[in-house]
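The values are calculated or read from the model by the stated rules, or taken from the named source; none is laboratory data. Since this is a predicted model, take the numbers as computed values, not measurements. FYI the Cβ positions are ideal-geometry reconstructions off the backbone, even for glycines, and counts take in every protein chain you see. Surface areas here come from the heavy atoms of the whole protein model, side chains and all, with no ligands, DNA or RNA. Shrake-Rupley method; radii C 1.70, N 1.55, O 1.52, S 1.80 Å.
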Amino acid sequence: MKGKPMRVLVTGGSGLVGKAIEHVVKQEGGCLEGEQWTFLCSKEANLVCSARDLQQTRAVFEKYRPTHVIHLAAKVGGLYLHMKENLHFLRDNLRINDNVLQTSHERGVTKVVSCLSSCIFPDKTTYPIDESMIHNGPPHDSNFGYSHAKRMIDIQNRGYFAQHGRRYTAVIPTNVYGPHDNFNFENGHVLSALMHKTYVAKKEGTPLQVWGSGTPRRQFIYSLDVARLFLWVLREYDEIDPIILSVGEEEELPIKDAVEMIADALDFKGQIFDTSKSDGQMKKTASNAKLRRYLPDFTFTPLSEGIKKTCDWFVNNYDIART
C-alpha cells in the first residue's frame, strides 16, 4: 500500500492515541506521498465522542470520503467510573462501533483499523494472554460493559469479511500513556491520574494518596510507540484477526513502581497507598509474540523515559490539559 493514494479518517483524533498519530504523521514525517489525513475532534461531529447519531456519522464520511479509517472514538473512563456505569459504557460503545463500521462498509472504505483494549480478555485465564483468547470467558466484572462492547468489534470485523470481503481489523494496545491523555483524577487512566495527583500534592505540600495497594501489575506502552505501530498496521498488516501492541511480558511491573517513577519525574516524596480502595484486575500479562514475528526489531520507549516526557508535557501544558 506504500505510495498509493489514501484518504485516512481518524475518529477520536483529539484523544491520547489520536494526538500521537497526528504527531507522527505531521512532525515525524509519517505521512507518505499520496496520503491525506483528517483528524476528527469533538467539534466536528458526535462521531468523535459518542457517534450516537448515525446520520451525523454518515455526513462526516460523505464530507471526507475516506478510503481508510483509524477508529479510536469511544466512551472511556477510569476504573471507578467503569464500575459505576457499566451499562452506559456498553450501550454507548456498541452504538459508536456499529455506526462507524457500518458507515465504512456503506461508503466502500478499503480498511478500518479499530482500537480495542487489554481489558477485553477473560478475567480467569492462563498467562500470557494472546490474540486467540479474547472470547474464552467473561472479562473482569469492573468493566464488563466496555469490554464486551469492544469485543464485538472483533465479531463485526469477522462478519464484514465473511459476508462482504471487507478487510477490517483491530489492534489491542496494553495500557497506553503519554501527552494529551485524560489526567482527571476519577476518569483518567491510571498513570495520567497519578501524574495529576502527584503534581497537585507537590504544589499544595500534601501527601499523595494512591488508591489501591500498588501491587497490580501492568504493561505500559508510550502513545507515540502505539502511533507508529498503528501506521504499520494500516499499511502493512493484512489479517482480520487482531494484533496485540505491547511491550514484552518482562516489562510488566507493579503500579507502585510506576508511582515511584512519576514521583522521581516530578521530584516528589510522600506517597500513601489507600488499601481500602479496589485494585481491579491484579494482572493482564499480554504476549507480544505475534507483533515480534512481524516487527522483531521495533524499539519501545523505556517506561521511565516515557513517564518523564509525559510529566514534562503535563506540567508545561497544565492550562490546556484534560483535567
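Some notes on this structure:
- Hits in segment 263-293 (condition: modelled with pLDDT of 95 or more, within 21 Å of the chain's Cα centre (by Cα) and not in a loop (DSSP other than H, G, I, E, B)): ALA289, LYS290, LEU291, ARG292
- Against the test of being under 20 Å from ILE21 (Cα atoms), in a loop (DSSP other than H, G, I, E, B) and under 15 Å from the mean Cα position of the chain (by Cα), the options VAL226, VAL233, VAL247 yield a single qualifying residue, VAL247.
- Any chance TYR80 is surrounded by fewer than 16 Cβ atoms within 10 Å (Cβ to Cβ) and out of contact with any strand residue (DSSP E or B) (no Cβ under 7 Å at 6 or more places or on another chain): no
- Pairs where the first residue, in segment 25-40, is without any contact (Cβ under 8 Å) to a residue 12 or more places away in the chain and the second is of a type in the set (Val, Ile, Thr) and open to solvent by less than 80 Å² (accessible area, probe 1.4 Å), C-beta under 6 Å, 6+ apart: CYS31/VAL25
- Among the candidates THR11, THR38, residue that is modelled with pLDDT of 90 or more, among the hydroxyl-bearing types (Ser, Thr, Tyr) and within 20 Å of LEU229 (Cβ to Cβ): THR11
- Evaluated against (1) modelled with pLDDT of 90 or more; (2) buried (at least 17 other Cβ atoms within 10 Å of the Cβ); (3) out of contact with any Asp or Glu (no Cβ under 8 Å at 6 or more places or on another chain); (4) closer than 28 Å to THR310 by Cα, VAL48 falls short on exactly one condition, (1).
- Only one of ASP98, ASP154, ASP123 that is of a type in the set (Asp, Glu), closer than 24 Å to GLY18 by Cα, open to solvent by 20 Å² or more (accessible area, probe 1.4 Å) and not in a strand (DSSP E or B): ASP98
- When we screen ASP297, ASP312, ASP279 for residues that are closer than 18 Å to LEU16 by Cβ and open to solvent by 40 Å² or more (accessible area, probe 1.4 Å), the only hit is ASP312.
- Only listed residue being touching a residue at least 24 places away in the same chain (Cβ under 8 Å), under 20 Å from PRO207 (Cα atoms) and either touching an Asp or Glu at 6+ places or on another chain (Cβ under 8 Å) or loosely packed, with under 13 Cβ neighbours inside 10 Å (or both), chosen from ASP267, ASP241: ASP267
- Residue pairs meeting the criteria (Cβ under 6 Å; at least 6 apart or on separate chains; first aromatic (Phe, Trp, Tyr), in segment 167-181; second open to solvent by 10 Å² or more (accessible area, probe 1.4 Å)): TYR168/TYR160; TYR177/PHE220
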